[in-house]
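S.K.: The structure that follows is given in the form of structure tokens.
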Amino acid sequence: MNILSIESSCDETAVAVVVNGRTVLADCISSQVDIHKIYGGVVPEIASRKHIEAIYPLADQALQTAELTRQDIDAVAVTYAPGLIGAVLVGVNFAKAAAFTLGVPLIPVHHIRGHIAANYITHPDLEPPFLCLVVSGGHTMLVDVQDYTRMEILGGTRDDAAGECFDKIARVLGMPYPGGAALDRMSRTGDPAKYPMPKAKVDGNPLDLSFSGLKTAAINLIHNAEQKGISLDVPSLCASVSEAVSSALVSRTVLALEQTGRKTLAVAGGVAANSRIRAEVTEAAAKLGVRVCLPELRFCGDNAAMIGAQGYYEYLAGNVADMTLNAYATKSILGKAL
Ligand code: KG4
Ligand code: ZN
């Protein structure tokens with residue numbers, strides 16, 4: 001089944017062609033990062049306008065790359081939630097028009113389910129059940145993936161997402177948006193023990209996390225140093241922050257693996273590209289005898305191939321939409337599109 005898939009929830013316009021949820025024939029991305037960089041973050045209206053300019057030519061490019069014609073497309077999958085509402089609407093409206101004119105099913109895909117499905121592309125033998133650590137710019141949670149479309153949230157952040165924490169600290173350090181990757185690169189030569197960071201304790205669910213205290217502590221440290229004219233060891237600060245985020249994630253992941261008894265762990269989302277998190281998750285899982293699946297770096301951040309991968313399984317589960325499909329800024333990963 002050839003699925004044309006669309007992703008436009010933030011600042012990347014993306015169109016892909018994916019066969020049976022696993023084989024990527026085309027994966028086209030038009031990034032707006034250079035435009036939003038000027039403003040230090042994504043400007044929602046600019047994002048929507050850029051999506052509408054980019055999406056049609058990108059779909060043609062995806063078909064050309066896949067060496068397919070429009071008649072070869074069997075279904076259209078699209079991110080319908082969550083994201084910047086104007087941005088998601090562009091993708092949903094394009095997908096509706098495409099499905100309508102091609103006379104094929106329209107498949108709504110939750111963006112975070114898509115991130116999880118990026119692992120199906122990189123690891124063709126990966127099948128549920130498995131535990132997934134989801135770490136993106138807007139989400140941080142532990143998801144028990146019981147089946148391709150049946151999931152349970154075991155825990156998550158009470159405040160900031162891991163990516164948001166990295167991005168805000170990077171911004172105060174003067175790194176260009178989005179700072180997560182730059183902070184990661186900078187941290188590689190630093191000493192992670194140099195600036196001890198607070199470890200948040202969250203009452204209630206032991207699998208829950210909190211990153212706002214860590215973010216505030218790091219930003220206060222930077223501002224204090226500036227005021228006192230003290231020069232900071234920036235690589236070591238970045239390493240200390242990365243270490244604090246990673247150890248918080250790893251400790252909850254280990255606990256979730258012990259609680260569920262799952263023998264496979266996947267990591268998903270933009271922050272899954274983080275070198276320290278990749279290394280520490282791999283090491284912790286190995287100690288438990290658990291298999292680890294990490295998406296290839298190009299499938300960690302937003303892309304449409306992951307939407308095509310999850311779209312296939314949503315289709316098999318009967319989760320198709322009619323032309324009343326709408327876009328949503330927020331929606332639970334457990335929710336339904338209609
Ligand atoms: O999943 P994603 O592309 O978008 C959302 O769905 O939110 O995640 C983007 C986030 C940003 O916060 C970005 O800074 C972060 O992923 N990120 C990283 C790295 N690469 C991207 N964070 C830490 N280390 C990285 N190497
Ligand atoms: Zn994303």
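The values are calculated or read from the model by the stated rules, or taken from the named source; none is laboratory data. Model, not experiment: these values are computed from the prediction. Positions of Cβ are backbone-derived with ideal geometry, glycine not excepted, and every protein chain shown enters the neighbour counts. Ligands, DNA and RNA are excluded from the accessible area calculation, which covers all protein heavy atoms including side chains. Shrake-Rupley method; radii C 1.70, N 1.55, O 1.52, S 1.80 Å.
S.K.: Sort out which residues of the stretch 138-148 are in a loop (DSSP other than H, G, I, E, B) and within 16 Å of ligand 2 (Cβ to nearest atom), and write them in order of number.
M.R.: Residues satisfying the conditions are Gly138, His139.
S.K.: Moving to a separate point now. Hey, can you tell me all the residues within the stretch 282-294 that are part of a helix (DSSP H, G or I) and either open to solvent by 80 Å² or more (accessible area, probe 1.4 Å) or closer than 11 Å to Ile107 by Cα (or both)?
M.R.: Those that are part of a helix (DSSP H, G or I) and either open to solvent by 80 Å² or more (accessible area, probe 1.4 Å) or closer than 11 Å to Ile107 by Cα (or both): Glu283, Lys287.
S.K.: With respect to Cys28, is the statement that it is of a type outside the set (A, V, I, L, M), at pLDDT 95 or above, in contact with a helix residue (DSSP H, G or I) (Cβ under 7 Å, 6 or more places away or on another chain) and not in a strand (DSSP E or B) true?
M.R.: In short, no.
S.K.: Take the stretch 74-89 and flag every residue that is farther than 18 Å from Leu63 by Cβ and away from ligand 2 (no atom under 16 Å from the Cβ).
M.R.: Gly86, Leu89
S.K.: Are any of the residues in the stretch 28-35 crowded, with 21+ Cβ neighbours inside 10 Å and away from ligand 2 (no atom under 16 Å from the Cβ)?
M.R.: Yes, because at least one residue in the stretch 28-35 is crowded, with 21+ Cβ neighbours inside 10 Å and away from ligand 2 (no atom under 16 Å from the Cβ).
S.K.: Tally time: how many residues in the stretch 182-203 are surrounded by 20 or more Cβ atoms within 10 Å (Cβ to Cβ) and within 15 Å of ligand 1 (Cβ to nearest atom)?
M.R.: Qualifying residue count for the region: 6.
S.K.: How many residues are in contact with a His (Cβ under 6 Å, 6 or more places away or on another chain) and open to solvent by 10 Å² or more (accessible area, probe 1.4 Å) if we restrict to the stretch 64-81?
M.R.: The number of residues fulfilling the criteria is 0.
S.K.: Something else about it: Look through the stretch 116-137, keep the residues that are under 8 Å from the mean Cα position of the chain (by Cα) and assigned to a loop (DSSP other than H, G, I, E, B), and return whichever of them is farthest from ligand 2 (Cβ to nearest atom).
M.R.: The extreme case among them is Gly137.
S.K.: While we're looking at this one, here's another question. Is it the case that some residue within the stretch 129-136 is open to solvent by 50 Å² or more (accessible area, probe 1.4 Å) and more than 10 Å from ligand 1 (Cβ to nearest atom)?
M.R.: yes
S.K.: Would you confirm, using the coordinates I've provided, whether Glu283 is among the acidic types (Asp, Glu), free of Cβ contacts under 8 Å to residues at least 12 places away in the same chain and away from ligand 2 (no atom under 15 Å from the Cβ)?
M.R.: Against the criterion (among the acidic types (Asp, Glu), free of Cβ contacts under 8 Å to residues at least 12 places away in the same chain and away from ligand 2 (no atom under 15 Å from the Cβ)), Glu283 qualifies.
S.K.: Identify, from the list Leu265, Leu255, Leu297, Leu325, the residue that is farther than 20 Å from Asn20 by Cα and exposed (fewer than 14 other Cβ atoms within 10 Å of the Cβ).
M.R.: Selected residue: Leu297, the only one of Leu265, Leu255, Leu297, Leu325 that is farther than 20 Å from Asn20 by Cα and exposed (fewer than 14 other Cβ atoms within 10 Å of the Cβ).
S.K.: Determine which member of the set Ala118, Ala98 is more than 20 Å from Phe299 (Cα to Cα) and either open to solvent by less than 20 Å² (accessible area, probe 1.4 Å) or of a type outside the set (Lys, Arg) (or both).
M.R.: Result: Ala98 is the single residue among Ala118, Ala98 that is more than 20 Å from Phe299 (Cα to Cα) and either open to solvent by less than 20 Å² (accessible area, probe 1.4 Å) or of a type outside the set (Lys, Arg) (or both).
S.K.: Need a quick list: helices (runs of 4 or more DSSP H) entirely within the stretch 164-264 having at least 3 residues that are in contact with a Cys (Cβ under 7 Å, 6 or more places away or on another chain).
M.R.: Answer list for the stretch 164-264: 180-187.
S.K.: While we're on this one: If I filter the stretch 95-115 for residues that are within 11 Å of ligand 2 (Cβ to nearest atom) and among the β-branched types (Val, Ile, Thr), do I get at least one hit?
M.R.: So far as the stretch 95-115 goes, yes, one or more of its residues are within 11 Å of ligand 2 (Cβ to nearest atom) and among the β-branched types (Val, Ile, Thr).
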